[in-house]
Every structure is written in C-alpha cells, then in structure tokens.
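Here's the structure we're looking at; comments come further down.
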Amino acid sequence: MKRFFSLCCVAVAAAMMLSCQSEHKGVKGVKHVVMIGLDGLAGNTVEAANMPTLKMMMAEGAWTLQARSILPSSSACNWASMYMGVGPEMHGYNTWGSRTPDFPSIELGENGIFPTMMTVLRRHNPEYNLCAFYEWPVIGDLIDNKAVTFHKNVPMGESKSVDIVNAYTAYLKEHKPDFAMCIFDSPDVEGHGQGWGSETYMSRLEVMDAYIAQIIEATKEAGMYDETLFMVVSDHGGIGTGHGSTSMSEMEAPLVFYGAGVKKGHQIQSSVVRYDTAPTIAYIFGAKTPDVWRGRPIVEAFE
Ligand SMILES: [Zn+2]
C-alpha cells in the first residue's frame, strides 16, 4: 500500500510538471505589445546609423541584425511571412506586392485568409484591442483585417510620416491596445531612390529613430510603458537601389525586442527567420499557435 501511495505521488508530480510545461501563460509582466516596422531597414546599415533610440533599445533589450528574409527578399511576401508564421510556399503571397495569394494558401482561417498573429490573438481573447496602422495599403490585406479592432492606412504623403505617427500615438493614448502595429514605408523609399546606405537613406534613419522615440514616449504618456514590450521589425534590406535577391545585404534585417519581459543587452544567438515573428508574438501573449505554422518563438529574448 505504501509503495502504491508513493507511486501515486510520483504520478501526480509528473502530471503537474507536464501541465506546467504545456501551459505557457505568456511572457511575465507584459500587457501590451507595440510593434514598429521599418520597410527596407538593412541589418548592415544599423551600426553606422545615427539611431540613438534603436541603439538604446538594443543595449537595454534583445536583438539581432541578422534576421533572415524569405525569398524573394521583397516586401509583401516577407511581411506576409512575418504575420503568418510560414513562408510563401505555404501562405502563397509570393511577390513584392501580393495583396492576395498568388497560388492557394495551404489552409485558411475563419476569416478566409491564412491565419496571422491577429487571427491567433483574436482567438486567444475576443476582448483584445488589436490595431494596425500602415503607410502601404498592401499591409492591410496581409494581417487578417477582420480579426483586428481597428486598422488604418495613413499614407506617408507630404507629411513624411508625421501623419501616421500622430494617428498611431493618439490611438495608443486613447485605447491602450493589447497589440498595436505601425508599419512605415521608410527607409525602403529612400533606398530605392538614392541607394541603401546613401546619405539620403542614412539621414532618413535619423528621422525614423525620432519617430520610434515619439512612439515610446506616447506609451509613457498613456501610462502603459512599464507593461509594454516593444518590437522593431523589418522585411528586408537592400543593395544599390534594389532588393529581392540573395545577398546578405538584402536578406538580413534587424529584429529588436525592448521593454517589459525582455532580457537586457542580449544579442540573440539562435537563427532567426522572418516567419519566427508571428510565433514569437503568440508566445509573448501565451496564445496557442495553429498547427500549420512553421516558425518558432525566439524564447531566448525573454526573461
Ligand atoms: Zn519592403
């Protein structure tokens, strides 16, 4: 009987350990995720760039400058991979400007689009406030816009992104969203115009850095800063005045985590690809990921 009892104890302890492992409740201390996307930010331009805010986020956060794109190293197919946790061969968005799949997605979620992090966060919590602001209208077609609370296309226009920063920061302050993303067209625009690493490109990076600082400041004004995890992401780099091919200048881009729950001063050691982004966002919130996803969460970035 005594032996039976101790066997039972072992069984109960094992079951408890198993349930602890399977029930990841999300990264501790995080209530909000604020994701900032810079289209065409090449990993190899960051060191020389005058970007004090981004460098502070790296020094105080977890980062890699070598998050690798899917191929082609073009825009829509990489943004889609970031949001959808798989590459183009599965989601089907295969070109720079795909707004619908170029061939059928291998499966569809409840809103008729391959499941994105928005689909997954909505499933996880119907009450979440999920928002997306973007300068390029294509982004709105890639996020599962039926799953979000609010999304808005705010073109760069003559404001040179002041408009989108104002709209985004106003939304942060008013709604304190659970997940909020803002995707800029720069520095891709300047790369195509004057070249990756050109004077125009590098001076635009200074301006973009100031916008990142403004967004962080807005979370302080909203009283959500202490519980916010920030992410800076990009879709691809560039070389000369283009991208799309297989050089590391085109394929490698930064991925930076900063704030609540993030390790400090940690250079990410594991291999990171574009489609690890959505699984990482799901991990931060403790949301269940679809079986069809192939990326994996970058667990080492978090405390
Ligand atoms: Zn792009």
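The values are calculated or read from the model by the stated rules, or taken from the named source; none is laboratory data. What you are looking at is a predicted structure, and each value in this text was computed from that prediction instead of being measured. Because the Cβ atoms are built from the backbone with ideal geometry, glycine has one as well, and the counts that use them run over all protein chains shown. Quick note on the areas: whole protein, heavy atoms, side chains included, nothing else; ligands and nucleic acids left out. Shrake-Rupley method; radii C 1.70, N 1.55, O 1.52, S 1.80 Å.
Please specify each residue of segment 245-294 satisfying the condition of being in a loop (DSSP other than H, G, I, E, B) and touching a strand residue (DSSP E or B) at 6+ places or on another chain (Cβ under 7 Å).
First, pick out the residues of segment 245-294 that are in a loop (DSSP other than H, G, I, E, B): 245-247, 260-261, 263-265, 268-272, 286-294.
Ser247, Ala260, Gly261, Lys263, Ile268, Val272, listed by residue number.
May I ask you to verify whether Thr100 is farther than 25 Å from Ile268 by Cα, more than 19 Å from the chain's Cα centre (by Cα) and hydroxyl-bearing (Ser, Thr, Tyr)? If you could, list the steps in order and put the result at the bottom.
Numbers: farther than 25 Å from Ile268 by Cα: yes; more than 19 Å from the chain's Cα centre (by Cα): yes; hydroxyl-bearing (Ser, Thr, Tyr): yes.
It is true that Thr100 is farther than 25 Å from Ile268 by Cα, more than 19 Å from the chain's Cα centre (by Cα) and hydroxyl-bearing (Ser, Thr, Tyr).
Pairs please, first residue from segment 151-168 and open to solvent by less than 80 Å² (accessible area, probe 1.4 Å), second anywhere and among the basic types (Lys, Arg), Cβ atoms under 7 Å, 6+ apart in sequence or on different chains.
Every condition considered, the pairs that remain are Ala167/Lys152.
Tally up the residues in segment 207-219 that are under 20 Å from Val30 (Cα atoms), over 17 Å from the mean Cα position of the chain (by Cα) and either within 16 Å of the ligand (Cβ to nearest atom) or of a type outside the set (Gly, Ala, Ser) (or both), please. Break it down stepwise before answering.
So in segment 207-219, the residues under 20 Å from Val30 (Cα atoms) come out as 212-213, 215-219.
Now drop any that are not over 17 Å from the mean Cα position of the chain (by Cα), which leaves 213, 217-219.
Now drop any that are not either within 16 Å of the ligand (Cβ to nearest atom) or of a type outside the set (Gly, Ala, Ser) (or both), which leaves 217, 219.
Result for segment 207-219: 2.
I'd like to check something: does segment 47-55 contain any residue that is away from the ligand (no atom under 16 Å from the Cβ), in a strand (DSSP E or B) and either of a type in the set (A, V, I, L, M) or open to solvent by 10 Å² or more (accessible area, probe 1.4 Å) (or both)?
Of segment 47-55, the ones away from the ligand (no atom under 16 Å from the Cβ) are 47-55.
This time we only want the ones that are in a strand (DSSP E or B), so: none.
No, that holds for no residue.
Suppose we keep only residues that are within 11 Å of the ligand (Cβ to nearest atom) and in contact with a Leu (Cβ under 9 Å, 6 or more places away or on another chain) within segment 240-254. Which one would you say is farthest from Ile298 (Cα to Cα)?
Going through the qualifying residues, I end up with Gly244.
From the list Ser203, Ser198, which residue is open to solvent by 30 Å² or more (accessible area, probe 1.4 Å), farther than 27 Å from Thr116 by Cα and of a type outside the set (A, V, I, L, M, F, W, C)? Even if it seems obvious, please write down each step before you answer.
Working: Ser198 fails: open to solvent by 30 Å² or more (accessible area, probe 1.4 Å).
None of the others qualify; the one that does is Ser203.
Among the helices (runs of 4 or more DSSP H) confined wholly to segment 58-154, which include 1 or more residues that are within 16 Å of the ligand (Cβ to nearest atom) and modelled with pLDDT of 95 or more?
The helices (runs of 4 or more DSSP H) meeting that bar are 75-84, 88-91, 137-142.
Within segment 220-239, restricting attention to residues that are open to solvent by less than 60 Å² (accessible area, probe 1.4 Å) and assigned to a strand (DSSP E or B), which residue is nearest to the ligand (Cβ to nearest atom)?
Step by step, filter segment 220-239, then rank; the result is Val233.
For segment 71-111, how many residues meet the condition of being touching a Ser or Thr at 6+ places or on another chain (Cβ under 8 Å), free of Cβ contacts under 8 Å to residues at least 24 places away in the same chain and of a type outside the set (Gly, Ala, Ser)?
Result for segment 71-111: 6.
Would you check which residues across segment 169-192 are open to solvent by less than 10 Å² (accessible area, probe 1.4 Å) and farther than 30 Å from Ala287 by Cβ and list them?
So the first thing to find is which residues in segment 169-192 are open to solvent by less than 10 Å² (accessible area, probe 1.4 Å), and the list is 172, 177, 179-184, 186-187, 191.
If the condition is that a residue be open to solvent by less than 10 Å² (accessible area, probe 1.4 Å) and farther than 30 Å from Ala287 by Cβ, then Ser186, Pro187, Gly191 are the ones that fit.
Which one of Leu108, Leu71, Leu38 is within 20 Å of Ser247 (Cβ to Cβ) and open to solvent by 10 Å² or more (accessible area, probe 1.4 Å)?
Details: Leu108 fails: within 20 Å of Ser247 (Cβ to Cβ); Leu38 fails: open to solvent by 10 Å² or more (accessible area, probe 1.4 Å).
Unique residue meeting the criteria: Leu71.
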